[in-house]
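**Student:** Handing you a structure now.
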Amino acid sequence: MTFGKLIGVFLLAAAAMNILFLTWFPIEDNDIWWLLAAGREMVQSGGILKSDVWSCTINGQSWLNKYIPFEILVYMLYAKGGANALIALRSFFALLSAAAMFGIAALWGRRENSPALNIPLAASLLTLTGLLAAPRMFVRPELCSLVCFAIAVCLWENQRGKNLAASFVIAIVFLQIIWTNLHSAFILGYIVAGAYILESSPRRLWILPLLILSSLANPFGFRMLAGVLDVMRTPFFHNHLWEWLPLFHRSAPEPLRWLIIGTGALTLAGFALNRRRLRPAHILLFIFFFWMVFKARRHGGFFALSTAAANLWNYGFIIERLKSKLPNLAARYSSLAVFILLVLFSGMIPNGALFRAFGAKRPFGFGINRARQPWDSAAYMKSANLRGNLFNGYDCGGFLIWMLAPDIRPCIDSRAEPFPPALIERHYRIIVGEESPDPFIEEFDISLALIDNDDLSLLAHFNRKSGWRLIFSGYKAALFQKADER
C-alpha cells in the first residue's frame, strides 16, 4: 500500500471515529421513555397500540401512534442490551448516513472525467456533517429519516445522466414506503425527488405522484400524514418547544448559529467557485434546508446531509483544479495535516471541550444521564406503592410512564400529538404561573403532584395549599400528596 493510500485509510478512520465520538453520550432524551413504554406495551400484549393507556387526562382516547416499528425495535434492544444497545443503534444510524454520503462521492469519482472524490476533503466534510447533526443525535425515529434521506439522495445521484430504469423506480418507491412507516419526515422524499427531477427532465414529474400514492397507500401512510398536519397546525409547538424554535431565538447557543451560518457561507462559496459545474438539485436542496433550519432547529440533520452532498461535489472539482498548480509533495503533506486536525478534533469530544465551546452540556460516555429525569422520586413512588393520577411537568411524563405505569397516571408527556392543543397550553400556563392548578387538579381527580425544583411558583402553591403535604424531596423534583390519601 502506498503512502497516499495509507493516509487515505487513516483519514476515513479518523472521520468515522469523530462521528462515533459525537454519538457516544448517555441516553438523555425525553421521548425515548414513552417510545420504550409503547414498545413494551405492544410486545407484552401482542397487539398494536392505538389508544392512550397511560394518561389521566386522555385515557382511552384514540392515539395516532406513528412510530410502531421503531418503538418495538428500541424496546427489544433495550430489553437485551440496556441503554448501551440504544447508543449503538444511534451510532449505527449516524455511520450509515455518513457512508451513504461517502458513497455518493465515490460514485462521482468513478463517473466524472475529473475525479470528484478527494479523501481529505471527504473526511473533513463528513466530520463537519457529524458536528452539524450532533444536536439531533437522539434515539428517535428521526434517525431513520436521516438514513432514508441519505439513501434517497444516493439513489438519485446514481440515476443522474442515465435513462430511467425500472429498477430505479422500484428502488425509490420501495424506499419511500419504508420511510413512510418509520418517520413523518417521509415528505422530504418528495422534496428530494422534485429537486432532481427539475435538474434532469420535467418529463419525469410522473414519479412524484407515484411516490405520493405509494407512500400513502399503506397501513401507516395516512397516519403519518395526519401527524404531520397536526403538528403544522398547532402553534404551541412552534412557539414553545425548543426544537421548533427558530435558529436566532434567544435559547439557541450562539456558536451553533455561527456554525450553521459558516457552513452556509462555505456552501455558497463552493457554488460560486464551481460555477461551471453547478448542480441545480444541490442548489435547490441547499436553499430549502437552509431556510428550514433557520425556521426550526430540528431540521439541522437534514441541512447537514444536504450541504455535505453539495460541498463534496463542488470542492471535489475545485481541489482537482488546484492540484495541477501544487506540487505533489504539498498535496501529500496537506493530507497528513488534515489527519492531524481530525485526530485533535476527536480529542476535544471525550473531555467535553467541544461541547463547552458550543454552550452545550453533553457528557461523553455511555449509560443513562440520570440528572435529566427524577429517578429518585420515581423510585420512591414505586417503593411506597403509590397509586393515582399525577400532576407533572411536560418533560418527565414519558419517563414516569416507563417507570410507573399503570399504577401512576401522569397528566401529560412529550408525545404531544395525542393531547388536545388547548390542554397542552393550559398545562403550560399552570407551569409558568399564569393559571392556578386547582381547577385542573379537580377536573382530573389528581391526588399526587411532582413539581420540578425550578418551578418556584408551583412549589410555593403546593407548600401553602391546605390539604396537600410534601412526602418526598428529590434532587430534581418535589412530590406532594393530598393529605387525605394514604
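**Student:** Quick one: which of 39, 60 is under 25 Å from residue 416 (Cβ atoms), buried (at least 18 other Cβ atoms within 10 Å of the Cβ) and out of contact with any Lys or Arg (no Cβ under 9 Å at 6 or more places or on another chain)? Walk me through it before giving the result.
**Tutor:** Working: 60 fails: buried (at least 18 other Cβ atoms within 10 Å of the Cβ).
Being under 25 Å from residue 416 (Cβ atoms), buried (at least 18 other Cβ atoms within 10 Å of the Cβ) and out of contact with any Lys or Arg (no Cβ under 9 Å at 6 or more places or on another chain) holds for just one of 39, 60, which is 39.
**Student:** Sticking with this one: Restricting attention to region 45-87, which residues are assigned to a loop (DSSP other than H, G, I, E, B) and in contact with a Leu (Cβ under 8 Å, 6 or more places away or on another chain)?
**Tutor:** 56, 57, 58, 63, 65, 67
**Student:** Moving on. Do we find that residue 8 is among the small types (Gly, Ala, Ser), crowded, with 19+ Cβ neighbours inside 10 Å, in a helix (DSSP H, G or I) and touching a Phe, Trp or Tyr at 6+ places or on another chain (Cβ under 7 Å) in this structure?
**Tutor:** Numbers: among the small types (Gly, Ala, Ser): yes; crowded, with 19+ Cβ neighbours inside 10 Å: yes; in a helix (DSSP H, G or I): yes; touching a Phe, Trp or Tyr at 6+ places or on another chain (Cβ under 7 Å): no.
The answer is no for residue 8.
**Student:** Separate question: Taking region 251-277, which residues are assigned to a loop (DSSP other than H, G, I, E, B) and either in contact with a Cys (Cβ under 9 Å, 6 or more places away or on another chain) or at pLDDT below 90 (or both)?
**Tutor:** Just the residues of region 251-277 that are assigned to a loop (DSSP other than H, G, I, E, B), to begin with: 251-253, 274.
Passing the criteria: 251, 252, 253.
**Student:** Sticking with this one: Residue 297: modelled with pLDDT under 95, within 20 Å of residue 191 (Cα to Cα), crowded, with 23+ Cβ neighbours inside 10 Å and of a type in the set (D, E, K, R), yes or no? Let's see the steps before the verdict.
**Tutor:** Working: modelled with pLDDT under 95: yes; within 20 Å of residue 191 (Cα to Cα): yes; crowded, with 23+ Cβ neighbours inside 10 Å: yes; of a type in the set (D, E, K, R): yes.
Spelling it out, residue 297 is indeed modelled with pLDDT under 95, within 20 Å of residue 191 (Cα to Cα), crowded, with 23+ Cβ neighbours inside 10 Å and of a type in the set (D, E, K, R).
**Student:** To continue, here is another question. For region 325-391, please list each of the helices (runs of 4 or more DSSP H) lying entirely inside it that holds at least 2 residues being surrounded by 14 or more Cβ atoms within 10 Å (Cβ to Cβ) and modelled with pLDDT of 90 or more.
**Tutor:** Per the criteria, 328-348, 375-383.
**Student:** Which residues, taken from region 414-467, are on the phi > 0 side of the Ramachandran plot and surrounded by 15 or more Cβ atoms within 10 Å (Cβ to Cβ)? Before the answer, list the steps.
**Tutor:** Our first condition is that a residue be on the phi > 0 side of the Ramachandran plot; within region 414-467, this holds for 416, 433, 445, 467.
Passing the criteria: only 416.
**Student:** Residue 237 is checked against (1) aromatic (Phe, Trp, Tyr); (2) modelled with pLDDT under 90; (3) within 23 Å of residue 127 (Cα to Cα) and fails just one. What number does that condition carry?
**Tutor:** Only one criterion is unmet by residue 237, namely (3).
**Student:** Also, I was wondering about something else. Tell me which residues, restricted to region 423-452, are closer than 25 Å to residue 387 by Cβ, part of a loop (DSSP other than H, G, I, E, B) and touching a helix residue (DSSP H, G or I) at 6+ places or on another chain (Cβ under 7 Å).
**Tutor:** Of everything in region 423-452, just one residue is closer than 25 Å to residue 387 by Cβ, part of a loop (DSSP other than H, G, I, E, B) and touching a helix residue (DSSP H, G or I) at 6+ places or on another chain (Cβ under 7 Å), namely 437.
**Student:** So in region 174-188, with the set limited to residues that are touching a residue at least 40 places away in the same chain (Cβ under 8 Å) and closer than 22 Å to residue 306 by Cβ, which one is surrounded by the fewest Cβ atoms within 10 Å (Cβ to Cβ)?
**Tutor:** 187
**Student:** Would you kindly identify the helices (runs of 4 or more DSSP H) lying entirely within region 105-200 that contain at least 3 residues that are touching a His at 6+ places or on another chain (Cβ under 7 Å)? Reasoning before the result, please.
**Tutor:** On the way: elements: 119-133, 142-159, 166-180, 188-200.
Per the criteria, 142-159.
**Student:** Does residue 291 meet the test of being exposed (fewer than 14 other Cβ atoms within 10 Å of the Cβ) and either touching a strand residue (DSSP E or B) at 6+ places or on another chain (Cβ under 6 Å) or at pLDDT 90 or above (or both)?
**Tutor:** When the stated conditions are applied, residue 291 passes them.
The values are calculated or read from the model by the stated rules, or taken from the named source; none is laboratory data. In this text, all values refer to a predicted model and were calculated from it rather than measured experimentally. Methodologically, a virtual Cβ is constructed for each residue, glycine included, from the backbone with ideal geometry; neighbour enumeration extends over all protein chains shown.
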